[in-house]
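In what follows, a structure is listed as structure tokens, so that the remarks can point back to it.
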Amino acid sequence: MTRRIVEILKKGQPEETITIQGWVRTKREQKGFAFIEVNDGSSMSGLQAILNADLPDYETILKNLNTGASVEVEGILAPSPGKGQRIELQASSVKVYGDADPNTYPLQKKRHSFEFLRTIAHLRSRTNTLGAVMRVRNACATAIHKFFQDKGFIWVHTPIITANDCEGAGELFTVTNLDLNNTPKKEDKSAIDFEQDFFGRRAYLTVSGQLQAEVMAMAFQNVYTFGPTFRAENSNTSRHLAEFWMVEPEMAFCDIVGDRDLAEEFLKYIFKYVLETCPEDMEFFNKRIDNSVLATADNIINNEFERISYTEAIDLLVKSNKKFEFPVEWGLDLQSEHERYLAEELFKKPVIVTDYPVGIKAFYMRLNDDNKTVAAMDVLAPKIGEIIGGSQREERLDVLETRMKDLDIPPEELWWYLDLRRYGTVPHAGFGLGFERVVQFMTGMANIRDVIPFPRAPLSAEF
Ligand code: 4AD
Ligand code: MG
């Protein structure tokens, strides 16, 4: 039976006969034998195999064993005299599945820039860095499910195709199967008649599963979503993707305080889990990508997050006397530079900002008694800025209806959402965690496009 390299490196014993399968990372030839390092994706380190010249077909095998070739190696484990490894494999048979021409295979042993690696997204997961990213990403996802499952939350699957703009920011991708060269027009010829489209109305890719998660929370009390969301924001930044994964817990009988506390507990849990399960990968990030990665993780796990109101945040920004690019004024949204000042420079840890002005937040957020602010909260992280956005939801039918009217949201489009306030309404709250942002934060990777296998961004959807 073939075994995974991660397990052999930990538990393999001398004299054991084993088989591994993977891809050659390096080859070194010496007189009478050769070393290859095989990586199977299960860990950063590969297993070193030694091929003796007396192996059948030695010359042919060696010729085909270039970086990138796929192999199966059978042999006996032995203590390794080399430094940096406990054990190595003395090959008794080697099968090359597919060679990789060294003249054309793009991933040679040198360091490649992340920009270049993005142009070979189909191969880049075989590199050390992307390999570590994808394992950490997997560990983050596992931590997220574990966290909520252990608390009895139900994982609900909300639709990807929807007719609503949850965030009201107009960043929607339309989903259609109309003939784009011959679209049906409304009677006055002014616009496309989506009533003749597949769904009988205009449909979009979802920007958030929240509205449907609220539906489910009104039946199961505590639920969470974890799935892809889509935003056509034309922001070519290192923190935005057009397709990203979001985790959205939604809790009935919960207010903004419970919401805020859960967000903190949740982030701490994810960091702790990843440190425990991916120590080698995390060491790598600390050494090669950003030497504050481990200190940051430690800071997240061990310090209480700062809690301030939006109004206090504005005061602090004004008092800082810093020259910001964007204006600081009560009523305006916080920009990334402001968020980063608070989290990175001032408090040097995550900051949870609550009670934003009603004018800059989505329609569903609960109006505070001052009639000027809503029970919103954003978790701001050093280097990343906003990592979580959430709120207590408006559970009062009349207040919600007024709010929608003010924002020109037709009530008939969200009649089912309003029904939740008619039948058994309760205070409830939730938040959304940008999954890639947490992976980025965890690994110290500078660009969000390098923490998802196949990034979708403006002008980028090749793979
Ligand atoms: O703050 P947002 O827009 O909140 C919502 O969508 C709410 N419906 C969530 C809820 O209360 N259930 O987005 C939530 C998070 C942000 O804090 C950010 O981390 C991430 O999603 N995010 C993005 N991540 C990558 N690329 C983008 N374009 C993102 N836009 C938001
Ligand atoms: Mg937000």
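General remarks:
- Exactly one residue among T237, T206, T176 is within 16 Å of ligand 2 (Cβ to nearest atom), surrounded by fewer than 18 Cβ atoms within 10 Å (Cβ to Cβ) and β-branched (V, I, T), and that residue is T237.
- No other residue among D450, D408 is of a type in the set (D, E), more than 16 Å from ligand 2 (Cβ to nearest atom) and surrounded by fewer than 22 Cβ atoms within 10 Å (Cβ to Cβ) apart from D408.
- The sole residue among A49, A53, A100, A69 that is surrounded by fewer than 18 Cβ atoms within 10 Å (Cβ to Cβ) and among the hydrophobic types (A, V, I, L, M, F, W, C) is A53.
- Residue identified as under 31 Å from the mean Cα position of the chain (by Cα), at positive phi and open to solvent by 30 Å² or more (accessible area, probe 1.4 Å) among K361, K348: K348
- Selection of first residues in region 15-40 that are closer than 14 Å to N64 by Cα and of second residues that are exposed (fewer than 14 other Cβ atoms within 10 Å of the Cβ), restricted to Cβ pairs under 7 Å at least 6 apart or on distinct chains, gives the following pairs, ordered by first then second residue: T26/K109; A34/R28; F35/R28.
- Cβ-Cβ distances below 9 Å connect the following pairs, each with a first residue in region 212-230 that is without any contact (Cβ under 8 Å) to a residue 12 or more places away in the chain, a second residue that is of a type in the set (G, A, S) and assigned to a strand (DSSP E or B), and a separation of six or more residues or different chains: A219/A252.
- Only residues that are away from ligand 1 (no atom under 15 Å from the Cβ) and in contact with a helix residue (DSSP H, G or I) (Cβ under 7 Å, 6 or more places away or on another chain) were counted in region 147-162, giving 2.
- Any hit, region 210-221, residues being over 27 Å from P382 (Cβ atoms), part of a strand (DSSP E or B), open to solvent by less than 30 Å² (accessible area, probe 1.4 Å) and more than 8 Å from ligand 1 (Cβ to nearest atom): no
- From R396, R366, R403, residue being under 18 Å from G258 (Cα atoms), among the basic types (K, R) and open to solvent by 10 Å² or more (accessible area, probe 1.4 Å): R366
The values are calculated or read from the model by the stated rules, or taken from the named source; none is laboratory data. Note that the structure is predicted; figures quoted are calculated from it, not measured. Reconstructed Cβ throughout: ideal geometry from the backbone, glycine too, with neighbour counts over all protein chains shown. Each accessible area value is taken on the protein alone, full model and side chains, heavy atoms only, with ligands, DNA and RNA left out. Shrake-Rupley method; radii C 1.70, N 1.55, O 1.52, S 1.80 Å.
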